[in-house]
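Let me begin by presenting the structure, written as structure tokens, before commenting on it.
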Amino acid sequence: MSRLRIYDDQRHDAPLLSLTDHAAIAAELHKVGVRFEQWEASQPVAPGASQEDVIAAYRSDIDRLMAENGYQAVDVISLTPDHPDRAAFRQKFLNEHSHSEDEVRFFVAGAGQFTLHIDGKVYEVLCEQGDLIGVPDGTTHWFDMSESPYFVAIRLFTNVEGWVAQFTGSDIAERFPRMVPHPSASKAS
Ligand SMILES: CSCCC(=O)/C(O)=C/O
Ligand SMILES: [Fe+2]
Ligand code: NI
């Protein structure tokens, strides 16, 4: 189940609000300029599926997003709990950073947790299969896949060079909850 928890950025122990209704999550995130939509993850792909297979399965959704929003490039992150480089992949996104381009991610299997730090609040967004999130450029955030990653996410980029992170040097991410592994992760490993 998708979930949004909103915190004061000084109070990691007490969410101000917790929502699981998709429309309510979308409305709350819209207030801070973040896109959150439900798309149909209609093609069954399992974590571990190859980039080529995922792109072929979701070609029409990818083409639609690229045409609507002018994205120039696409790639796929597809991870299972037993991936040998899972700790390094996790670490790559785990500290607060921003990008000079929008971050658009469509979860077609499993789950991952984006946490956004905007105007003194922390928005923890647990994205599940079917969720599309669009984080505007310059938004400080971090991403956790848990110690047992189980997800497939399609990533769209404005810039053909792709993802570049500017780290803020803050340790805020260490104070807020990390992602709990997806329930299917234990069955997959
Ligand atoms: C859900 S895709 C992996 C995370 C990512 O691309 C990113 O930029 C996290 O901040
Ligand atoms: Fe990011
Ligand atoms: Ni849901």
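Some observations on this one:
- Test: residue in the range 148-155 that is under 26 Å from LEU17 (Cβ atoms) and at pLDDT 95 or above: yes
- Within the range 93-119, residues that are under 17 Å from ILE6 (Cβ atoms) and of a type in the set (A, V, I, L, M) sit with their Cβ atoms under 7 Å from residues that are near ligand 1 (Cβ under 10 Å from one of its atoms) and in a strand (DSSP E or B), at 6+ positions apart or across chains, in these pairs: LEU116/VAL135; LEU116/HIS141.
- Yes/no for GLU124 being at pLDDT 95 or above, within 16 Å of ligand 2 (Cβ to nearest atom) and under 15 Å from ILE25 (Cβ atoms): yes
- All positions within the range 68-91 that are surrounded by 14 or more Cβ atoms within 10 Å (Cβ to Cβ) and of a type in the set (Gly, Ala, Ser): ALA73, SER78
- The set of residues in the range 103-125 being within 23 Å of HIS12 (Cβ to Cβ), hydrophobic (A, V, I, L, M, F, W, C) and either more than 14 Å from ligand 3 (Cβ to nearest atom) or surrounded by fewer than 23 Cβ atoms within 10 Å (Cβ to Cβ) (or both) consists of PHE114, LEU116, ILE118, VAL122.
- Single residue of GLU37, GLU52 found to be away from ligand 2 (no atom under 13 Å from the Cβ), at pLDDT 95 or above and part of a strand (DSSP E or B): GLU37
- Output for the range 43-67, where each listed residue is within 13 Å of PHE157 (Cα to Cα) and loosely packed, with under 14 Cβ neighbours inside 10 Å: ASP63, ALA67
- Leading residue by the ranking (nearest to ligand 1 (Cβ to nearest atom)) among those in the range 138-161 that are aliphatic (A, V, I, L, M) and crowded, with 19+ Cβ neighbours inside 10 Å: ALA153
- The residues of the range 122-137 that are closer than 21 Å to GLU37 by Cβ, more than 10 Å from ligand 1 (Cβ to nearest atom) and not acidic (Asp, Glu), listed by number, are TYR123, VAL125, LEU126, GLN129, GLY130, LEU132, GLY134, PRO136.
The values are calculated or read from the model by the stated rules, or taken from the named source; none is laboratory data. Since the model is a prediction, treat every value here as computed from it, not as a measurement. All Cβ positions, even for glycine, are placed from backbone atoms using ideal geometry, and neighbour counts span all protein chains on display.
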